[in-house]
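S.K.: Please see the structure below; I have some questions.
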Amino acid sequence: MKKLFFGLFLFVLVFMAFRAGELSAGKGLLPNQKMLHVGIIVEDINSSLNRWVKLLGLETVPEVHVAEGHHTNPTHYKGKPSDAKAKLVFIKLDNIQIELIEPIGETPSHWKNFLDQNGEGVHHFAFEVEGMGEHYFESFNESGMPILQHGGWNGGEYGYMDSVDSLAVTIELIEDYNRKK
């Protein structure tokens, strides 16, 4: 629970930095300051979801989905193909979403590695991007934050950047092809 509160505290600090203009748009690696969600790794998604539903007083319980590689965007972990899977659920708040993630099985993945090394806790902050593969991976790599895991679904893709040493949290880039302007 301490890790969760620390993660949420860290989230507030980063959010305040963005709001104060310390990390201004157009001058950094990200073109905008649109944070989509905070990802939290959990051991048991149903148990964690029930606690969040109770905390937030939600009348409708969000649906849990299974994330697995898609033939158009197969999962890669540390540059190698992976059959990694996880249970996901998105809890929509007024201003942002909380994503709960439970790794499935023993297949190596960034999710499983995080859970094994850290236990439950804040895993990533997700930001919306367009043209992910066109320059983001190269730009982040040049800034000392190479890609750790990449994959997608029918309609989009994600990439976890190795940003813990410099930002104390993993940055996730998300491109939803359906959101393109």
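The values are calculated or read from the model by the stated rules, or taken from the named source; none is laboratory data. Quick caveat, the model's predicted, so the values are computed rather than measured. Neighbour counts are summed over all protein chains in view; Cβ atoms, including those assigned to glycine, are modelled from backbone coordinates with ideal geometry. Ligands, DNA and RNA are stripped out before the accessible areas are found, and what is left, the full protein with its side chains, is counted by its heavy atoms. Shrake-Rupley method; radii C 1.70, N 1.55, O 1.52, S 1.80 Å.
S.K.: List the residue pairs whose Cβ atoms are under 7 Å apart, where the first residue sits in region 120-134 and is more than 14 Å from LEU29 (Cβ to Cβ) and open to solvent by 10 Å² or more (accessible area, probe 1.4 Å), the second is modelled with pLDDT of 95 or more and assigned to a loop (DSSP other than H, G, I, E, B), and the two are 6 or more positions apart or on different chains.
M.R.: GLU120/VAL42; GLU120/GLU43; VAL122/VAL169
S.K.: In region 85-113, what residues are over 19 Å from TRP52 (Cβ atoms), open to solvent by 30 Å² or more (accessible area, probe 1.4 Å) and of a type outside the set (D, E, K, R)?
M.R.: Across region 85-113, the qualifying residues are ILE104, GLY105, THR107, PRO108, ASN113.
S.K.: List, please: which pairs have Cβ atoms under 6 Å, are six or more places apart or on different chains, and start with a residue in region 54-83 that is of a type in the set (Val, Ile, Thr) and end with one that is open to solvent by less than 60 Å² (accessible area, probe 1.4 Å)?
M.R.: Qualifying pairs under 6 Å: VAL61/VAL53; VAL64/ILE45; VAL64/VAL89; THR75/GLY69; THR75/SER82; THR75/ALA84; THR75/GLY151.
S.K.: Taking region 61-78, which residues are outside any strand (DSSP E or B) and either in contact with a Pro (Cβ under 9 Å, 6 or more places away or on another chain) or at pLDDT 95 or above (or both)?
M.R.: If the condition is that a residue be outside any strand (DSSP E or B) and either in contact with a Pro (Cβ under 9 Å, 6 or more places away or on another chain) or at pLDDT 95 or above (or both), then VAL61, PRO62, GLU63, VAL64, GLY69, PRO74, THR75, LYS78 are the ones that fit.
S.K.: Only strands (runs of 3 or more DSSP E) wholly contained in region 137-177 count here; list those with 1 or more residues that are under 17 Å from VAL38 (Cα atoms) and over 12 Å from the mean Cα position of the chain (by Cα).
M.R.: Strands (runs of 3 or more DSSP E) meeting the threshold: 170-176.
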